[in-house]
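Asker: Next up is a structure, given as structure tokens.
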Amino acid sequence: MNIFTPANFIDDTSKESKYFPVYNSKLLHFLKESSVRPATEDEMKWSGLEEKSRHFIGYLDDAPLYAVSVSNEQTMIPDTTFTDLRALFPVMNMQLFEAISRAFQIVNWSDSNKYCGYCGSELHHDERERAMKCHNCHAPLVYPKISPCIITLIHKDKSILLAHNKNFPVNLYSTIAGFIEAGESAEACLMREVKEEVGIEVHNIKYFQSQSWPFPGQLMLGYFAEYKSGEITPDNDEIDDAQWFEVDNLPNTPPPGVSISGDLIQHYLNSLK
């Protein structure tokens, strides 16, 4: 079923646990499976993987689910390999993606917060909530870092603006996105990022939905925005190409169902029918 319920502390140990092993921001993938799945308790026992840390993240189909940070990618489980998460989008659904997103972000937070930023002492997991604490100087608790971002589909009649980031594969185009800066509203960020990255102005901004995005720890706030004025001018820093595409002649784009960019595009296409 892949029903995921997030939780910070386990209260039901009656069922066999499941595990998402993570190595260097890659997920253990079973190559002969039709979709992504977690490892079982037996598989973890003889996997040969060396655990750095283990984190309970909730329940998957009522079974306790753990994220496991490992220090080696060689495994004794047949037909498995550690794979970049983006490459697995075609073989996972949104419920699994939510669980894996949480797993990746908690592993990244734990691995990158070993010592206190105030006194340099070793940090320890808090017993009451998902946080790290310093026993030496009692600095404020360190929670998993979440960076808010905007992502927007810009439309003009039956055309949408899509951009190619320099880090994308050759024919992959997506919607405009960017980090919200300190003291900035989401809407102000949207207008600034659009102006900076593609040189145009937008208006009639409408909220769509949000999505957790584990690259490494964003909360994507999705919007639609209508073209107002200006000529497309890619910044050539992040964006090397941006164009208006007719809705019936789109390039390769992120898939809906896992990527909020794909959902924005699909929702807009559906609204024109």
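The values are calculated or read from the model by the stated rules, or taken from the named source; none is laboratory data. Bear in mind that the values here come from a model prediction, so they are computed numbers and not experimental data. Neighbour counts are summed over all protein chains in view; Cβ atoms, including those assigned to glycine, are modelled from backbone coordinates with ideal geometry.
Asker: Of all residues in the range 151-176, how many are assigned to a strand (DSSP E or B) and closer than 17 Å to His267 by Cα?
Answerer: The first filter runs over the range 151-176 and keeps only residues assigned to a strand (DSSP E or B), leaving 151-156, 159-165, 172, 174, 176.
Still in the running and closer than 17 Å to His267 by Cα: 151-156, 159-162, 174, 176.
Qualifying residue count for the region: 12.
Asker: Shifting gears a bit: Looking at this structure, is Asn167 in contact with a strand residue (DSSP E or B) (Cβ under 8 Å, 6 or more places away or on another chain) and closer than 25 Å to Pro255 by Cα? Before you say what the answer is, go through the steps one by one.
Answerer: Details: in contact with a strand residue (DSSP E or B) (Cβ under 8 Å, 6 or more places away or on another chain): no; closer than 25 Å to Pro255 by Cα: yes.
Spelling it out, it is not the case that Asn167 is in contact with a strand residue (DSSP E or B) (Cβ under 8 Å, 6 or more places away or on another chain) and closer than 25 Å to Pro255 by Cα.
Asker: Mind listing whichever residues of the range 177-193 are farther than 13 Å from Ile205 by Cα and either crowded, with 18+ Cβ neighbours inside 10 Å or among the hydrophobic types (A, V, I, L, M, F, W, C) (or both)?
Answerer: Ala177, Phe179, Ile180, Ala182, Glu193
Asker: Here are some residues: Asp237, Asp248. Which one is surrounded by fewer than 20 Cβ atoms within 10 Å (Cβ to Cβ) and either more than 23 Å from the chain's Cα centre (by Cα) or in the same structural domain as Val22 (by TED's automatic domain parsing) (or both)? Even if it seems obvious, please write down each step before you answer.
Answerer: Details: Asp237 fails: either more than 23 Å from the chain's Cα centre (by Cα) or in the same structural domain as Val22 (by TED's automatic domain parsing) (or both).
Just one listed residue meets the conditions, Asp248.
Asker: Pairs only if they're at least six apart or on different chains, beta carbon under 8 angstrom, first in the range 112-126 and part of a loop (DSSP other than H, G, I, E, B), second modelled with pLDDT of 95 or more and of a type in the set (Ser, Thr, Tyr); list them, first residue then second.
Answerer: Pairs found: Ser121/Tyr115.
Asker: Continuing with the same structure: Quick check: is even one residue across the range 6-26 assigned to a loop (DSSP other than H, G, I, E, B), over 28 Å from Met132 (Cα atoms) and touching a Ser or Thr at 6+ places or on another chain (Cβ under 8 Å)?
Answerer: No; the residues of the range 6-26 include none that is assigned to a loop (DSSP other than H, G, I, E, B), over 28 Å from Met132 (Cα atoms) and touching a Ser or Thr at 6+ places or on another chain (Cβ under 8 Å).
Asker: Sticking with this one: Within the range 56-115, restricting attention to residues that are among the acidic types (Asp, Glu) and either more than 17 Å from Met44 (Cα to Cα) or surrounded by 19 or more Cβ atoms within 10 Å (Cβ to Cβ) (or both), which residue is nearest to the chain's Cα centre (by Cα)? Write out each step before concluding.
Answerer: Keep residues of the range 56-115 that are among the acidic types (Asp, Glu), which gives 61-62, 73, 79, 84, 98, 111.
With either more than 17 Å from Met44 (Cα to Cα) or surrounded by 19 or more Cβ atoms within 10 Å (Cβ to Cβ) (or both) added as a condition, the list becomes 61-62, 84, 98, 111.
Details: Asp61: 21, Asp62: 23, Asp84: 12, Glu98: 8, Asp111: 17 Å.
Among them, the one singled out is Glu98.
Asker: Please go through the range 35-55 and give me each residue that is within 23 Å of Val258 (Cα to Cα), out of contact with any Lys or Arg (no Cβ under 6 Å at 6 or more places or on another chain) and surrounded by 22 or more Cβ atoms within 10 Å (Cβ to Cβ), ordered by number.
Answerer: Our first condition is that a residue be within 23 Å of Val258 (Cα to Cα); within the range 35-55, this holds for 35-39.
Still in the running and out of contact with any Lys or Arg (no Cβ under 6 Å at 6 or more places or on another chain): 35-37, 39.
Hits for the range 35-55 are Val36, Ala39.
Asker: Here is a further query. So which pairs qualify, if the first residue must be in the range 82-105 and among the basic types (Lys, Arg), the second must be surrounded by 21 or more Cβ atoms within 10 Å (Cβ to Cβ), the Cβ gap must be under 7 Å, and the two must be at least 6 apart or on different chains?
Answerer: Hits for this filter: Arg102/Ile57.
Asker: Of the conditions (1) touching a Pro at 6+ places or on another chain (Cβ under 8 Å); (2) at pLDDT below 95; (3) among the β-branched types (Val, Ile, Thr), Val68 satisfies every one except a single condition; which number is it?
Answerer: Against the list (1) touching a Pro at 6+ places or on another chain (Cβ under 8 Å); (2) at pLDDT below 95; (3) among the β-branched types (Val, Ile, Thr), Val68 comes up short only on (2).
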